[in-house]
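J.: Handing you a structure now.
The values are calculated or read from the model by the stated rules, or taken from the named source; none is laboratory data. Treat the numbers as computed from the prediction; the structure is a model and nothing was measured. Cβ: placed from backbone, ideal geometry, glycine included. Neighbour counts: every protein chain shown.
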Amino acid sequence: MSKRVLVTGGAGFIGSHVCEMYVREGYDVLCVDNLSSGKLENLKSLIGNPRFQFVQEDICHLEGLMHLFETFKPHVINHHAAQKSVVASLEDPRTDLDINLNGLLCLLQCVKKHPIQSFVYVSSGGALSKVIIGDEKSTESDSPQLISPYAITKYAGEKYLEIYAKEYDFDYTVLRYANIYGPRQIPDGECGVVPIFVNNITTNRTSVLMTYPDMPRGCTRDYVFVGDVVEANRLATEKAPNMVINIGTGKEIAILDIYQSILKIFGKEIPIRIEGPRSGDVKRSVLSNRRAQESLNWNACTNLEEGLLVLKKAMQVETI
Ligand SMILES: NC(=O)c1ccc[n+]([C@@H]2O[C@H](COP(=O)([O-])OP(=O)(O)OC[C@H]3O[C@@H](n4cnc5c(N)ncnc54)[C@H](O)[C@@H]3O)[C@@H](O)[C@H]2O)c1
């Protein structure tokens, strides 16, 4: 009998790739998404597949979720649905709290009534980064900066999950993603710097670099290709290590360097405009992936150039 996995946020950028992986691996998949930022188009390779179902539902709607648990009886929960923007969380912290914590608690209430085997929770290594000094990297046991409501809700979510896993006897993995990029990502918010630049560059528009005066090349981030993230989800589902795990490359890249790499891949030369910083943005972020190697046997296999080339190719296929 194949395992049943319920994926929240499965119509989104990362979640849709994760749904495809589960179906490929022989799981029965129920994708739950309210389509607030996700799109059915992201699931076009799966619609009609007997192993795949899509239900438009909000994770904050407990009754609806409970019904889905009753009928689908998932063995595994993979939780990607979220309010994902640091900026939006500062502007509207109540909505951030509602989706990122209340939504998670609705899922956990369902788990309490309908036992599961394991839970993959997606958190943010970038937002939960410590203050980086010199050539340090953020590890899972460092104290996070918690300078945005988004960071607070993601961190609190990790803690709720740990408590529920112990109390209701299921395995879990917290995957703290660095900055993910790849096909299907839409240009919005901080997570979307790659698609924002790609969009501007391919339409010959000027991009803006928002940074701190002491960071002239921009804030730094750790960029992981979505295919590598999917593999981390596969491994975490196969054998949940019951811990928080950073999913990053361990390479710190300034945003201006990302911009220049994209210019090169798309063969363009467009200057960038520099403006002041955005509140809530951590200055530097780079994740140690030692624990991911040791506990999941995971490594980021795709370098930035390879990942950007895959993205360019996917865009060319889309426009044919
Ligand atoms: N993209 C990144 O670089 C990055 C980095 C760190 C963490 N993350 C996390 O990864 C996850 C996926 O992010 P993404 O970049 O694919 O974003 P995305 O916006 O493409 O995906 C989020 C999905 O969740 C759905 N959703 C949102 N609120 C919902 C609700 N209340 N009920 C049901 N569905 C809802 C959206 O419609 C969307 O399909 C999020 O948890 C995000 O915080 C992403």
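J.: Please give the number of the condition residue 119 fails out of (1) hydrophobic (A, V, I, L, M, F, W, C); (2) within 13 Å of the ligand (Cβ to nearest atom); (3) modelled with pLDDT of 95 or more.
T.: (2)
J.: Of all residues in region 83-95, which are of a type outside the set (S, T, N, Q), within 20 Å of residue 128 (Cβ to Cβ) and in a loop (DSSP other than H, G, I, E, B)?
T.: Residue satisfying the conditions is 84 alone.
J.: Please work out which residue is nearest to residue 257 (Cα to Cα), limiting yourself to region 286-320 and to residues that are surrounded by 14 or more Cβ atoms within 10 Å (Cβ to Cβ) and β-branched (Val, Ile, Thr).
T.: Among them, the one singled out is 286.
J.: Okay, moving on. Go through 147, 186, 201 for me and flag whichever is in contact with a Ser or Thr (Cβ under 8 Å, 6 or more places away or on another chain), assigned to a loop (DSSP other than H, G, I, E, B) and either surrounded by 15 or more Cβ atoms within 10 Å (Cβ to Cβ) or not β-branched (Val, Ile, Thr) (or both).
T.: Numbers: 147 fails: in contact with a Ser or Thr (Cβ under 8 Å, 6 or more places away or on another chain); 201 fails: assigned to a loop (DSSP other than H, G, I, E, B).
Just a single option satisfies the conditions, and that option is 186.
J.: Are there any pairs with C-beta distances below 8 angstrom linking a residue in region 75-102 that is closer than 17 Å to residue 13 by Cα and touching a residue at least 24 places away in the same chain (Cβ under 8 Å) to a residue that is surrounded by fewer than 20 Cβ atoms within 10 Å (Cβ to Cβ) and hydroxyl-bearing (Ser, Thr, Tyr), with the two at least 6 apart or on different chains, and if so which?
T.: Cβ pairs passing all conditions: 83/95; 84/37.
J.: Here is a further query. Of everything in region 1-32 that's among the basic types (Lys, Arg) and either in contact with a strand residue (DSSP E or B) (Cβ under 6 Å, 6 or more places away or on another chain) or part of a loop (DSSP other than H, G, I, E, B) (or both), which residue is farthest from the ligand (Cβ to nearest atom)?
T.: Once the filter is applied, the top-ranked residue is 3.
J.: Sort out which residues of region 129-147 are within 16 Å of the ligand (Cβ to nearest atom) and modelled with pLDDT of 95 or more, and write them in order of number.
T.: 138, 140
J.: How about region 33-82: which of its residues are part of a helix (DSSP H, G or I) and within 8 Å of the ligand (Cβ to nearest atom)? Steps first, please.
T.: Our first condition is that a residue be part of a helix (DSSP H, G or I); within region 33-82, this holds for 40-43, 62-72.
Across region 33-82, the qualifying residue is only 42.
J.: Can you find even one residue in region 136-151 that is within 22 Å of residue 248 (Cβ to Cβ), of a type outside the set (Phe, Trp, Tyr) and more than 21 Å from the chain's Cα centre (by Cα)? Reasoning before the result, please.
T.: Going through region 136-151, the residues within 22 Å of residue 248 (Cβ to Cβ) turn out to be 136-148, 150-151.
From the residues that got through so far, the ones that are of a type outside the set (Phe, Trp, Tyr) too are 136-148, 151.
Within this subset, residues satisfying the condition of being more than 21 Å from the chain's Cα centre (by Cα) are 136.
Among the residues of region 136-151, at least one is within 22 Å of residue 248 (Cβ to Cβ), of a type outside the set (Phe, Trp, Tyr) and more than 21 Å from the chain's Cα centre (by Cα), which makes the answer yes.
J.: Within region 235-252, identify whether any single residue is assigned to a loop (DSSP other than H, G, I, E, B) and surrounded by fewer than 17 Cβ atoms within 10 Å (Cβ to Cβ), and answer yes or no. Quick ask: steps written out before the conclusion?
T.: So in region 235-252, the residues assigned to a loop (DSSP other than H, G, I, E, B) come out as 239-242, 248-252.
Right, trim to surrounded by fewer than 17 Cβ atoms within 10 Å (Cβ to Cβ) and you get 239, 242.
Yes, there is a match, as at least one residue in region 235-252 is assigned to a loop (DSSP other than H, G, I, E, B) and surrounded by fewer than 17 Cβ atoms within 10 Å (Cβ to Cβ).
J.: Sticking with this one: Given the condition free of Cβ contacts under 8 Å to residues at least 24 places away in the same chain and among the hydrophobic types (A, V, I, L, M, F, W, C), answer yes or no: does some residue in region 308-319 qualify?
T.: Let us first name the residues in region 308-319 that are free of Cβ contacts under 8 Å to residues at least 24 places away in the same chain, namely 313, 316-319.
Right, trim to among the hydrophobic types (A, V, I, L, M, F, W, C) and you get 317.
Yes: one or more hits.
J.: Quick check on my filter: what residues within region 253-278 are assigned to a helix (DSSP H, G or I) and either within 13 Å of residue 175 (Cβ to Cβ) or not polar (S, T, N, Q) (or both)? It would help to see each step written out before you state the result.
T.: To start, the set of residues in region 253-278 that are assigned to a helix (DSSP H, G or I) comprises 255-266.
If the condition is that a residue be assigned to a helix (DSSP H, G or I) and either within 13 Å of residue 175 (Cβ to Cβ) or not polar (S, T, N, Q) (or both), then 255, 256, 257, 258, 259, 262, 263, 264, 265, 266 are the ones that fit.
J.: Right, something else. If the requirement is being hydroxyl-bearing (Ser, Thr, Tyr), within 15 Å of the ligand (Cβ to nearest atom) and part of a strand (DSSP E or B), which of these qualifies: 173, 153? Walk me through it before giving the result.
T.: Details: 153 fails: part of a strand (DSSP E or B).
The unique qualifying residue is 173.
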